[in-house]
Amino acid sequence: MERSLSIIKPDGVSRGLIGEVIRRLEKNNIKIAAMKMIYMTKAQAQGFYDVHKERPFFASLTDFMSSGPVVAMVLEGENVIPKYRELMGATNYKEAAPGTIRADFATDIEKNIVHGSDSPQTAAFEIGYFFNSFEVIS
Ligand code: IDP
Ligand code: MG
């Protein structure tokens, strides 16, 4: 059993895609174990993306992630990390497979609608960043 942290980013929320993303999770039998809406400060976004702090896009990315509310979810299930990343599609929407969330809705390499953890280690950090143990329903 694996967990992943999913975020519907500010572009997904403001464009009315919360329902669409959740519909795709449910359609693919991905269990949602926790969910909340958060409006991150710049400092909170910087903390979340700390692994990317040396990257040239860090300032812009953390501005974007703190520009509006996001929906954070904990997903749970067998191989849910690769399964959800497959539903999301490649980081760059131009390279994302047809029918993936990013191919269908992203407008920009940065504004790509969704986040998903990339390993069990990052998932543990990311889930703990937003949720305490009582908020995750197993
Ligand atoms: P991921 O979200 O597919 O795991 P990461 O490489 O972890 O991709 O990058 C985190 C986020 O940073 C991406 O989802 C995207 O919003 C943004 N990002 C990644 N690469 C670039 C880039 O080259 N330019 C601008 N933003 C980027
Ligand atoms: Mg990543």
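Please treat every number below as a calculation from the coordinates, not as lab data. The structure displayed is predicted, hence computed values, not measured ones. Every residue, glycine as well, gets a Cβ built from its backbone with ideal geometry; the counts of neighbours run over all protein chains shown.
Using Cα centres only, tell me the gap between region 95-138 and region 1-24 in whole Å.
Measuring centre to centre over Cα atoms gives 8 Å.
Along the principal axes of its C-alpha atoms, what lengths does region 11-75 span, in descending order and rounded to whole Å?
The Cα atoms of region 11-75 stretch 37, 23, 19 Å along the principal axes, largest first.
Could you give the length gained by full extension between T122 and M1, i.e. 0.36 nm per residue of separation minus their alpha carbon distance, to one decimal place?
Working: separation 121, 0.36 × 121 = 43.56 nm, distance 1.54 nm.
In short, 42.0 nm is gained.
Could you tell me which of the pairs K31/K83; K53/K83; K9/K42; K36/K94 are separated by over 23 angstrom between their Cα atoms in the structure shown?
With Cα atoms farther than 23 Å apart: K53/K83; K36/K94.
How big is the shadow of the Cα convex hull of region 55-131, averaged over all directions, in nm²?
Average projection, Cα convex hull of region 55-131: 5.7 nm².
List the longest stretch of the chain that has no exposed loop site; here a site is one of the GluC sites (Glu not before Pro) assigned by DSSP to anything other than H, G, I, E or B, with at most 11 other Cβ within 10 Å. If you can, show how the numbers build up before the last one.
On the way: sites that count: E54, E78.
In short, 79-138.
With the chain treated as a Gaussian network of Cα nodes joined by springs under 10 Å, which of G12, G89, G47 yields the largest mean-square fluctuation?
G47
Which helices count as membrane-span-like in the chain under these terms: full DSSP H, at least 15 Å along the axis by C-alpha, Kyte-Doolittle mean of -0.5 or more? Don't skip to the end; give the middle numbers.
Numbers: long enough: 120-130 (16 Å, 0.25).
Those that clear 15 Å and a mean of -0.5 are 120-130.
Expressed in nm², what is the orientationally averaged projection area of the convex hull enclosing the Cα positions of the chain?
Value for the chain: 7.6 nm².
Quick one: dipole size for region 38-138, taken about the Cα centre, charges +1 on Lys/Arg Cβ and -1 on Asp/Glu Cβ, in debye to the nearest 20.
Dipole magnitude for region 38-138 comes out near 180 debye.
Taking the Cα-to-Cβ direction at D108 and at K94 and moving 7 Å from each Cα, how far apart do the two end points lie in nm?
Computed distance between label sites D108 and K94 equals 1.5 nm.
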